Amino acid sequence: MKNEQFCQRCAMPMTKPEEFGTNADGSKNEDYCCYCYKNGAFFHPDATMEEVIEGCIPHVVPDVFADETTARAAMNQHFPTLKCWKKTGMFISCKLKDGVSTEDFLAASDKIQEEYLSKCKGFVSRQLMNIDGVWTDWVVWATFPDADNSMKKAEENEAAMKFTSMVGEIIEYKTYPLERSY
């Protein structure tokens, strides 16, 4: 049996190259299928897990599941385990540009929090740390699409642009599925 991969948004098996989504640079995306993700963006980025499930049901009944009720129950149990629907941590560590003071950066951080992040769909929490001049910004989102959309829309927000204009060297930028919060 082939080593099957499944879309981390809709659970579709991806066995052929054309079934994989694409990144912004056109390369194959290993996590999402061609029906969920193209050119580095989700189709219907604001769709909820429930809406995606409802969209999938006609494609799996009767071939995979006998009826809609069984399909919906199985998907409601499985989908929360997919990367897309887990809480997502966005981890960014950086150094500030020369001449940017801690006070100015913290003021910009407060402003992006108040005027942008706290109003974004799916925002959960944020922590900002400074260890020996390396700033770490850890933001938790309800889902991966929420994190992805917030980053794309940040370019349209004045407070977000002011905050990012103070960042010099980016040391690390990653998103991680959040396994557990305490």
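Please go through the range 172-181 and pick out each residue that is surrounded by fewer than 12 Cβ atoms within 10 Å (Cβ to Cβ) and either more than 13 Å from Val140 (Cα to Cα) or within 16 Å of the chain's Cα centre (by Cα) (or both).
Kept after step one, since they are surrounded by fewer than 12 Cβ atoms within 10 Å (Cβ to Cβ), are these residues of the range 172-181: 172, 174, 179-181.
The answer is Glu172, Lys174, Glu179.
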Reported set for the range 24-40 where residues are open to solvent by less than 40 Å² (accessible area, probe 1.4 Å) and either in contact (Cβ under 8 Å) with a residue 60 or more places away in the chain or not hydrophobic (A, V, I, L, M, F, W, C) (or both) is Asn29, Tyr32, Tyr37, Gly40
Looking across the range 12-55 at residues that are assigned to a loop (DSSP other than H, G, I, E, B), of a type in the set (A, V, I, L, M) and in contact with a strand residue (DSSP E or B) (Cβ under 9 Å, 6 or more places away or on another chain), the single one that is modelled with the lowest pLDDT is Ala24
So, first residue without any contact (Cβ under 8 Å) to a residue 60 or more places away in the chain in the range 57-73, second residue assigned to a loop (DSSP other than H, G, I, E, B) and surrounded by 16 or more Cβ atoms within 10 Å (Cβ to Cβ), Cβ within less than 7 Å, six or more apart or across chains; the pairs are Asp67/Val61; Glu68/Val61; Ala71/Val61; Ala71/Phe65
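Just to verify a result, which residue in the range 98-114, among those that are within 23 Å of the chain's Cα centre (by Cα) and surrounded by 15 or more Cβ atoms within 10 Å (Cβ to Cβ), is farthest from Leu82 (Cα to Cα)? Full working, then the answer.
Keep residues of the range 98-114 that are within 23 Å of the chain's Cα centre (by Cα), which gives 109-114.
Narrowing further to those that are surrounded by 15 or more Cβ atoms within 10 Å (Cβ to Cβ): 109, 111-113.
Values: Ser109: 31, Lys111: 33, Ile112: 30, Gln113: 28 Å.
The qualifying residue farthest from Leu82 (Cα to Cα) is Lys111.
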When the range 123-158 is checked residue by residue, the ones that are open to solvent by less than 80 Å² (accessible area, probe 1.4 Å), of a type outside the set (Ser, Thr, Tyr), under 26 Å from Tyr32 (Cα atoms) and part of a loop (DSSP other than H, G, I, E, B) are Ala142
Out of (1) basic (Lys, Arg); (2) open to solvent by less than 90 Å² (accessible area, probe 1.4 Å); (3) within 22 Å of the chain's Cα centre (by Cα), the one Lys87 does not meet is (2)
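Kindly indicate whether Ser118 is over 18 Å from Thr48 (Cβ atoms), in a strand (DSSP E or B) and small (Gly, Ala, Ser). Step through it out loud before you land on a result.
On the way: over 18 Å from Thr48 (Cβ atoms): yes; in a strand (DSSP E or B): no; small (Gly, Ala, Ser): yes.
Answer is no for this residue.
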Within the range 47-84, the count of residues that are open to solvent by 90 Å² or more (accessible area, probe 1.4 Å) and among the β-branched types (Val, Ile, Thr) comes to 2
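The values are calculated or read from the model by the stated rules, or taken from the named source; none is laboratory data. Computed from a predicted structure; not experimentally measured. As a convention, Cβ positions derive from the backbone with ideal geometry for all residues, glycine included, and neighbour counts pool all protein chains shown. The protein model used for the area step is the full one, side chains on, heavy atoms only, and it has no ligands, DNA or RNA in it. Shrake-Rupley method; radii C 1.70, N 1.55, O 1.52, S 1.80 Å.
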